[in-house]
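The values are calculated or read from the model by the stated rules, or taken from the named source; none is laboratory data. Please read these numbers as outputs of a predicted model, since none were measured by experiment. Using ideal geometry, Cβ is built from the backbone for each residue, glycine included, and neighbour counts are taken over all protein chains shown.
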Amino acid sequence: MLPIQRRQVISEYLAHHGGASIKDFSIQFGVSEMTIRRDLELLEQQGLVARSHGGAIYIDKLIGEPALPEKQSRNPEVKERLAAYAAERFVSDGDVLIVEGGTTVSRMAAYLKHAHLTLMTNGMDALQQLRDVAGTHTVLCCGGVLREPSGTFVGPVAEAFFSQYHARTAFLSSLSFTIEAGFTDPNMMDTQVKKTMIQSATRTIMLLDSSKIGSRSFATVAQLNEVSVLITDAGVNEQVREACELADVELHVV
């Protein structure tokens, strides 16, 4: 078993049982107690566990949904950099793209200097920014129920819209990410639309600033191995780097 796999099992065990001793893990995995201590230290750095005398306990960092203005104001420089890189590196003339309504992905609109794109979105913020390129590209927006906290259209109408089209690439983001839970969001209606986007695209590219790593939200959008590319910043930790390699996910640090 690889070290990253062992740490995943340790984290999952602690999540289900609350705590355990270093000695128990050492016996279970057939490794030294020093090795387990190093594993727990790395998991503690991710914010998943808290080490105690002779063992560790699980920290449940379930993140709620901040207001839209707060989302928009978080790490704007990093989000801008990720969006610019995604548009330059992963978009070609004539592409059919899904651009979800998150505050990171919607920033891609300013960098779409390509020809004859077809752009589909479910976000009011994204739609407003895509308005500036509507004369050059074809822009489509789904209907549905508008969620005020996210500024996105959700529900069966939105899901049906994306299920009837086929895109080359879906550009997505999420509020939180852990290796164990994957990419997660606070609202399951939002996650259901994103799942449909993933199913409708040949590949999925995640834009995620590193501050979101190590926390979990309510509902899973996708596991790491369900995406093709992860674009993040230099704050990404070694565990996520190893997980991407193990899952055969392209990691781009910008």
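Could you grab me the full set of residues in region 36-50 that are in contact with a helix residue (DSSP H, G or I) (Cβ under 8 Å, 6 or more places away or on another chain), free of Cβ contacts under 8 Å to residues at least 24 places away in the same chain and not aliphatic (A, V, I, L, M)? Answer for region 36-50, where residues must be in contact with a helix residue (DSSP H, G or I) (Cβ under 8 Å, 6 or more places away or on another chain), free of Cβ contacts under 8 Å to residues at least 24 places away in the same chain and not aliphatic (A, V, I, L, M): just 37. Within region 109-119, identify whether any single residue is closer than 24 Å to residue 185 by Cβ and assigned to a loop (DSSP other than H, G, I, E, B), and answer yes or no. No, there is no match, as no residue in region 109-119 is closer than 24 Å to residue 185 by Cβ and assigned to a loop (DSSP other than H, G, I, E, B).
Out of 153, 162, 177, 171, which single residue is under 22 Å from residue 47 (Cα atoms) and either of a type outside the set (Gly, Ala, Ser) or not in a strand (DSSP E or B) (or both)?
Working: 153 fails: under 22 Å from residue 47 (Cα atoms); 162 fails: under 22 Å from residue 47 (Cα atoms); 171 fails: under 22 Å from residue 47 (Cα atoms).
After applying the criteria, what remains is 177.
A single entry from 216, 241, 203 fulfils the requirement of being at pLDDT 95 or above and under 18 Å from residue 43 (Cβ atoms): 241. Right, residue 36: surrounded by 15 or more Cβ atoms within 10 Å (Cβ to Cβ), at pLDDT 90 or above and assigned to a helix (DSSP H, G or I) or not? Answer is yes for this residue. Against the criterion of being touching a residue at least 12 places away in the same chain (Cβ under 8 Å) and either aromatic (Phe, Trp, Tyr) or surrounded by fewer than 21 Cβ atoms within 10 Å (Cβ to Cβ) (or both), residue 139 qualifies. Filtering 45, 8 for residues that are within 17 Å of residue 243 (Cβ to Cβ), exposed (fewer than 14 other Cβ atoms within 10 Å of the Cβ) and outside the structural domain of residue 212 (by TED's automatic domain parsing) leaves a single hit, 45.
If the condition is being buried (at least 24 other Cβ atoms within 10 Å of the Cβ) and in a helix (DSSP H, G or I), then region 87-106 contributes 105, 106.
Yes or no, residue by residue, for (1) within 22 Å of the chain's Cα centre (by Cα); (2) modelled with pLDDT of 95 or more; (3) over 29 Å from residue 7 (Cβ atoms):
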residue	(1), (2), (3)
46	yes, no, no
55	no, no, no
77	yes, no, yes
113	no, no, yes
128	no, no, yes
145	no, no, yes
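Candidates are the residues of region 122-135 that are free of Cβ contacts under 8 Å to residues at least 24 places away in the same chain and not in a helix (DSSP H, G or I); the one that is surrounded by the most Cβ atoms within 10 Å (Cβ to Cβ) is 134. Residue pairs whose Cβ atoms lie under 8 Å apart, separated by 6 or more positions or on different chains, with the first residue in region 164-193 and outside the structural domain of residue 98 (by TED's automatic domain parsing) and under 15 Å from residue 103 (Cα atoms) and the second at pLDDT 95 or above and in a strand (DSSP E or B), do not occur.
Tell me which residues, restricted to region 230-243, are under 28 Å from residue 168 (Cβ atoms) and either in contact with a helix residue (DSSP H, G or I) (Cβ under 7 Å, 6 or more places away or on another chain) or among the charged types (D, E, K, R) (or both). Those that are under 28 Å from residue 168 (Cβ atoms) and either in contact with a helix residue (DSSP H, G or I) (Cβ under 7 Å, 6 or more places away or on another chain) or among the charged types (D, E, K, R) (or both): 230, 231, 232, 233, 236, 241, 243.
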